[in-house]
Amino acid sequence: MEGATVPPGHQKRRHSKPSQSAVSDGIGHSSADSDHVEELSPEKIQKQIERSRSICLQQLSARPRTRAELAATLAKKDVLQEAADAVLDRFDEVGLIDDALFAKMWVSSRHHGRGLARRALAQELRRKGIDSSLIDEALSDLDPHAEEDTARTLVSRKMRTVSGAPKVIMRKLVGMLARKGYSPGLAFRIVKEAMEDSGLEAEEFDPDEAESREHDVLP
């Protein structure tokens, strides 16, 4: 690949086991095992670069990917780490990888398409290996008022199909919002307002108590 080169002194193939964090997250390269090192010729290194490039282009042709997602795929395919890094750096330079843009598009798509709130969106982006500063930047585009309106729309739709005693209905609706990342306090308030507008008796709640019960409503 033109523009992608391996730095001098790094022309050895490293056979390694994935780190525990890489195994659990599926993101990032595994650490090197110094006991297993194989010298590689320039020709083999170039083949590694071309293979890395081909894999990345194939992945990106299906959908946008984060740098960490591509790095994880290359690691699973036992691509030389230095070759992978060289290709990923080059893809960064030419804009084929753009984690900032990915995060913004993800927030917009998942909020408007699935109704996810800030907390759920942040969790998804972290799992994709997006840097925290880029996550914060992407979430800053999300209007808090629009987020609240989205929660109201979700509750209104769900109330058409949910059944049971008022207490049961409230728990189902609050749980639905919590699973989408809305805070318990906000979820209880919006559900209470919606139920009262529909003529249903809603539980009284304490916002502070609602926050303390967060783990009871989150899955």
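The values are calculated or read from the model by the stated rules, or taken from the named source; none is laboratory data. Just so you know, these numbers come straight off a predicted model, no measurement behind them. Using ideal geometry, Cβ is built from the backbone for each residue, glycine included, and neighbour counts are taken over all protein chains shown.
Mind checking whether some residue in region 69-81 is closer than 30 Å to MET176 by Cβ, modelled with pLDDT of 95 or more, part of a helix (DSSP H, G or I) and not assigned by TED's automatic domain parsing to the domain that holds VAL155? Yes, there is a match, as at least one residue in region 69-81 is closer than 30 Å to MET176 by Cβ, modelled with pLDDT of 95 or more, part of a helix (DSSP H, G or I) and not assigned by TED's automatic domain parsing to the domain that holds VAL155. Here ARG179, ARG157, ARG152, ARG171 are screened, and the one residue that is under 13 Å from ARG119 (Cβ atoms) and not polar (S, T, N, Q) is ARG179.
In region 148-159, is there at least one residue being out of contact with any helix residue (DSSP H, G or I) (no Cβ under 9 Å at 6 or more places or on another chain) and within 29 Å of LEU57 (Cβ to Cβ)? Within region 148-159, not a single residue is out of contact with any helix residue (DSSP H, G or I) (no Cβ under 9 Å at 6 or more places or on another chain) and within 29 Å of LEU57 (Cβ to Cβ). Cβ contacts < 7 Å: first residue in contact (Cβ under 8 Å) with a residue 60 or more places away in the chain, restricted to region 172-184; second residue in a loop (DSSP other than H, G, I, E, B) and charged (D, E, K, R), any location; separation 6+ or different chain. Result? From residues that are in contact (Cβ under 8 Å) with a residue 60 or more places away in the chain, there are no pairs.
For region 101-158, which positions are touching a residue at least 60 places away in the same chain (Cβ under 8 Å) and either part of a loop (DSSP other than H, G, I, E, B) or small (Gly, Ala, Ser) (or both)? Selection gives GLY115, LEU116, ALA117, ALA120, LYS128, GLY129, ILE130. As for region 149-172, it holds no residue that is within 30 Å of ALA100 (Cα to Cα), surrounded by 15 or more Cβ atoms within 10 Å (Cβ to Cβ), among the acidic types (Asp, Glu) and within 24 Å of the chain's Cα centre (by Cα). Can ASP89 be described as assigned to a helix (DSSP H, G or I) and either touching a residue at least 40 places away in the same chain (Cβ under 8 Å) or on the phi > 0 side of the Ramachandran plot (or both)? So ASP89 passes the test.
When SER132 is tested against the conditions (1) over 21 Å from ARG65 (Cβ atoms); (2) surrounded by fewer than 13 Cβ atoms within 10 Å (Cβ to Cβ); (3) touching a helix residue (DSSP H, G or I) at 6+ places or on another chain (Cβ under 8 Å), the lone failure is (1).
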